[in-house]
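Notes follow once the structure below has been shown.
The values are calculated or read from the model by the stated rules, or taken from the named source; none is laboratory data. The structure presented is a predicted model; accordingly, all values stated were derived computationally and were not measured. Here the Cβ is made from the backbone with ideal geometry for all residues, glycine too, and neighbour counts use every protein chain on show.
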Amino acid sequence: MTIEEKAGQVLLPFYTGNQVEAHAATIERLHLAGSIIMGDNVPRDAQGNVDVAGMGAINRRLAQAAAADGDPWPGMIGVDQEGGMVARLGPPLTEWPAPMSYGAAGSEPLTREAAQGLAGELVPLGFNVDFAPDTDVTMGPMDPTIGARSMSADPALAAAHGVAFSQGMLAAGVLPAVKHFPGHGSVTADSHHSMPTQPAAVEELRGRDWKPFQAAIDAGTPMVMTGHIAVPALEPGVPASLSAPTYAALRGLGFKGVAVTDALNMGAVTKQYPNGTAAVMALVAGADLLLMPADVAQAHAAIVGAVKSGSLPAARLDEAVLRVATMMTWQGRRGTPPGVPAGGAAPVSARVSAAAVTVVSGPCAGPLVPGAVRVAGGRPGDRQRFEAAAARAGLALGSGPVVNLIGFGGRPGGGDIEVALDAPWALQASPAPVRLALYGRTDAAFDALVAVLAGKAPAPGNLPAAVGTLPPGTGCP
């Protein structure tokens, strides 16, 4: 391969809007590894739902462009589809609750089945990479970024369910990428906007944040994503994604697969490293795949120039390309399973939510409301979904106890029953006698909630993170 071809194979770009042909031409011209699909690239029908046929056609065109050089491995067509708040693709694909549901439900087979269903719906659309699962260990209310994207505040639980989720994705034919090493759940800033600092010592990280990554590596994960987090114990002032000691630490855990950066167009990187410098720094440090550089042509030119000048050793670029090519060759040889039609995994999503509902305080048996209920809080769509679920369950609306819904970043609102739709620690300041954690806002999640309120179903979930003085594991026996 030429230097230009090698430089392209370590870049996975994004594009804006519906500029598919222009993007395909860029992929061919720069020999790029493929593409990631973001929310503004998703074609939609008149009702605002995903145009499944249109999405498939776009992905086939981009895969064709990635294959234009005749390489014997398939191009990458990736997406961020974790479930919960991070989902680029909505209906008619199955909607999934927040990943914290898996920690609350506590069933690794169910987590594996859910991931296989989620990934199985991506396969018919042409996706072969999903930048999930998030295996960060959340530290609770001080965590502004990950929250319910984390499966648990317990490192062992996050590790077990992260492995199960990855195994389910692989079984469906989609490559997972565990993220965000060295751990984004225990920092107090959002790397989309600025660079967080992780003050912990390496031994503390090894005993907490790194446990899910170690488990994933031991299970053979093909890809690990590094985050834009400064870790003074490794290299002060430098994002982990651009830090040689960080990649050395990752390899020190036994990882032999592809190290991919978090999106290089995020504020933590662009404010400090403009004009393609981040791409070269990441490769020199030990990254193998560079996700979403702010300007892919600029990044490509910077890599080619750095090899020619000697500031990026040719052997380091070769190592990165070889890892990417090896992973995608393996992916190609695995074949493509048939996948699942859009919406086909909905029953599994419903089972996840039903298994995750948690009684944080209040009775564990019997109806929690009489035959009627009122709803407050949340977003308008949350209230509409609750009302629709109540109607399906035969609960009247407009009188009775007030069920207050607390969404992401929300606060208790003084209802008779408080329900956290996202991370459960929003409930810690609530004086309500009955507090429930739902970890989702899908139709199926609201059906699970209403079934518990009406006394038609138990709430079998356990807290995957502390809520005030209530420890993880709190829930009904």
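For the reader, a short list of remarks on this structure follows.
- Any hit, region 265-281, residues being closer than 25 Å to PRO155 by Cβ and touching a Lys or Arg at 6+ places or on another chain (Cβ under 8 Å): no
- Filtered residue count, region 34-79, keeping only those that are part of a helix (DSSP H, G or I) and of a type outside the set (A, V, I, L, M, F, W, C): 9
- Criterion: within 25 Å of the chain's Cα centre (by Cα) and polar (S, T, N, Q) - qualifying residue of THR474, THR469, THR442: THR442
- Hey, LEU289 touching a residue at least 24 places away in the same chain (Cβ under 8 Å) and closer than 23 Å to ARG29 by Cα or not: yes
- Among residues of region 201-229 being more than 15 Å from the chain's Cα centre (by Cα) and of a type in the set (S, T, N, Q), the one that is surrounded by the most Cβ atoms within 10 Å (Cβ to Cβ) is THR221.
- Tally, over region 175-209, of residues that are in contact with a Gly (Cβ under 7 Å, 6 or more places away or on another chain) and either more than 24 Å from ASN265 (Cβ to Cβ) or not assigned by TED's automatic domain parsing to the domain that holds PHE131 (or both): 2
- Within region 23-60, the set of residues being under 24 Å from the mean Cα position of the chain (by Cα), over 21 Å from MET266 (Cα atoms) and among the polar types (S, T, N, Q) comprises ASN49, ASN59.
- Criterion (surrounded by fewer than 24 Cβ atoms within 10 Å (Cβ to Cβ), without any contact (Cβ under 8 Å) to a residue 12 or more places away in the chain and farther than 28 Å from GLY106 by Cβ) met by exactly one of ALA391, ALA376: ALA391
- Residues (surrounded by fewer than 24 Cβ atoms within 10 Å (Cβ to Cβ) and either polar (S, T, N, Q) or over 17 Å from VAL352 (Cβ atoms) (or both)) located in region 92-115: PRO92, SER107
- Subset of region 162-200 [touching a strand residue (DSSP E or B) at 6+ places or on another chain (Cβ under 6 Å), surrounded by 24 or more Cβ atoms within 10 Å (Cβ to Cβ), in a strand (DSSP E or B) and of a type outside the set (D, E, K, R)]: LEU175, VAL178, HIS180, PHE181
- Among the conditions (1) of a type in the set (D, E, K, R); (2) in contact (Cβ under 8 Å) with a residue 24 or more places away in the chain; (3) in contact with a Pro (Cβ under 7 Å, 6 or more places away or on another chain), the only one that GLU28 does not satisfy is (3).
- Among the residues of region 207-222, just one is of a type in the set (Asp, Glu) and more than 19 Å from ARG112 (Cβ to Cβ), namely ASP209.
- Any hit, region 283-299, residues being polar (S, T, N, Q), farther than 20 Å from ILE36 by Cβ and either in the same structural domain as GLU121 (by TED's automatic domain parsing) or under 24 Å from the mean Cα position of the chain (by Cα) (or both): no
- Evaluation of ALA345 against the conditions (1) at pLDDT 95 or above; (2) surrounded by fewer than 20 Cβ atoms within 10 Å (Cβ to Cβ); (3) small (Gly, Ala, Ser) shows that the sole unmet condition is (2).
- Residue check for THR94: of a type in the set (Ser, Thr, Tyr) and assigned to a loop (DSSP other than H, G, I, E, B): yes
- Count - residues of region 204-242 that are among the aromatic types (Phe, Trp, Tyr) and at pLDDT below 95: 0
- Enumeration of residues in region 1-53 that are out of contact with any Asp or Glu (no Cβ under 9 Å at 6 or more places or on another chain) and on the phi > 0 side of the Ramachandran plot: GLY34, GLY48
- Enumeration of residues in region 61-81 that are under 20 Å from the mean Cα position of the chain (by Cα) and either among the small types (Gly, Ala, Ser) or surrounded by fewer than 22 Cβ atoms within 10 Å (Cβ to Cβ) (or both): GLY78, ASP80
- Within region 184-203, considering residues that are under 15 Å from SER241 (Cα atoms) and polar (S, T, N, Q), the one modelled with the lowest pLDDT: SER191
- Taken over region 443-477, residues that are assigned to a helix (DSSP H, G or I) and surrounded by fewer than 22 Cβ atoms within 10 Å (Cβ to Cβ) amount to 3.
- Total residues in region 9-22 satisfying the condition of being in a helix (DSSP H, G or I), farther than 17 Å from ALA259 by Cβ and within 25 Å of the chain's Cα centre (by Cα): the figure is 1.
- Condition broken by PRO367, with the remaining ones in (1) touching an Asp or Glu at 6+ places or on another chain (Cβ under 8 Å); (2) at pLDDT 95 or above satisfied: (1)
- For region 130-141, the candidate set comprises residues that are buried (at least 24 other Cβ atoms within 10 Å of the Cβ) and in contact (Cβ under 8 Å) with a residue 60 or more places away in the chain; within that set, the residue that is nearest to ALA66 (Cα to Cα) is PHE131.
- Residue-level check: of (1) touching a residue at least 40 places away in the same chain (Cβ under 8 Å); (2) more than 14 Å from LEU283 (Cα to Cα), THR246 misses just (2).
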